[in-house]
Ligand code: DGY
């Protein structure tokens, strides 16, 4: 069988795949356009794609032989899963392996913003540091403050649990109560508005869906404390980026730490000129260990899926139910 891999991923994953299949890889280290993906899919049985690839209905229906899509990411808002399901194609993602890594990056951003690490580093390097000063680069304390976690799936839960050492008051929003957080941290499930008003640090951990698009807009930003720090390691469009630029420029909030953007890799006008925002290039899962685990997981899903089994991380298992019934 033949598969197409849309970009180089860590070698151990590619090695697993080349033992089983004829593997065609985009080695050009750039995001392919939709048309390029469609052309490359010709005659392929499997597609291993990334979160930057637009896997819409056109791509999914382009090649009749296509029977497995393995994504090298946990978020799959770039894939038309309904279209894949309709065609009976299993789609898999890479949950679990990147949970701690992404939660760690959210904390790194939280500290970078609250203690102005990036701004202070630039200041020191540029020779502006003339000695200790009582009012120099003052930030925000973290310990004993209120942490607001929007969405407590795997990553949100791991992020909240890491607050233990800082003895924080934890608020969260979720459709379901999170017993683990309630028992371990005394966390309280509250409406979003309460969380926004009461939290000192707010971290976004919901998937991007129709319901979460612009969940944080001007109205929500205005509810936050003027000392609040907002972190987003989930998906850019959950925050209305233009409204955030306004909030940061006019100091409605203290700062923000972003790993994701509304129209990646484009940044909204005015964002990069601000000192009270730390900008990371979507590297939430970006450690050597985790990216390797993601490659192995995506490869395993592809192999099992193309051999007719249920990929362990299949996100549209109904595809198999349908097959049994018919
Ligand atoms: C994912 O896998 O969805 C993450 O955004 C990668 O960093």
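The values are calculated or read from the model by the stated rules, or taken from the named source; none is laboratory data. Just so it is clear, the structure is predicted and the values come from calculations on it, not from any experiment. Note that each Cβ is placed from the backbone with ideal geometry, even for glycine, and that neighbours are counted across all protein chains shown.
Of everything in segment 86-101, what is more than 16 Å from the ligand (Cβ to nearest atom) and either farther than 16 Å from residue 58 by Cβ or not assigned by TED's automatic domain parsing to the domain that holds residue 64 (or both)? Give them in sequence order. Correct list: 88, 90.
Does residue 138 satisfy being touching a strand residue (DSSP E or B) at 6+ places or on another chain (Cβ under 8 Å) and outside any helix (DSSP H, G or I)?
Working: touching a strand residue (DSSP E or B) at 6+ places or on another chain (Cβ under 8 Å): no; outside any helix (DSSP H, G or I): yes.
No; evaluated as a whole, the condition is false for this residue.
Restricted to helices (runs of 4 or more DSSP H) entirely inside segment 167-271, those with at least 2 residues that are touching a helix residue (DSSP H, G or I) at 6+ places or on another chain (Cβ under 8 Å), more than 23 Å from residue 95 (Cβ to Cβ) and not assigned by TED's automatic domain parsing to the domain that holds residue 77 are 192-198, 218-223, 241-249. Checked against (1) within 16 Å of the ligand (Cβ to nearest atom); (2) part of a helix (DSSP H, G or I), residue 112 passes all but condition (1).
Within segment 274-302, residues that are closer than 15 Å to residue 233 by Cβ and more than 14 Å from the ligand (Cβ to nearest atom) reach partners that are in a loop (DSSP other than H, G, I, E, B) and at pLDDT 95 or above with beta carbons closer than 8 Å, at six or more positions or on different chains, in the pairs 277/271; 279/267; 279/271; 279/272. Between 244, 208, 192, the distinction of being more than 16 Å from the ligand (Cβ to nearest atom) and either closer than 15 Å to residue 150 by Cα or over 22 Å from the mean Cα position of the chain (by Cα) (or both) belongs to 192 only.
Under the condition of being on the phi > 0 side of the Ramachandran plot and crowded, with 17+ Cβ neighbours inside 10 Å, the residues counted in segment 146-173 number 1. Annotation: residue 128 fulfils all but one of (1) part of a loop (DSSP other than H, G, I, E, B); (2) in contact with a helix residue (DSSP H, G or I) (Cβ under 7 Å, 6 or more places away or on another chain); the unmet one is (2).
Considering only residues of segment 69-80 that are closer than 15 Å to residue 313 by Cβ and within 14 Å of the ligand (Cβ to nearest atom), which is farthest from the chain's Cα centre (by Cα)?
So, considering only residues that are closer than 15 Å to residue 313 by Cβ and within 14 Å of the ligand (Cβ to nearest atom), the one farthest from the chain's Cα centre (by Cα) is 70.
Restricting attention to segment 45-75, the residues that are surrounded by fewer than 23 Cβ atoms within 10 Å (Cβ to Cβ) and part of a loop (DSSP other than H, G, I, E, B) add up to 15.
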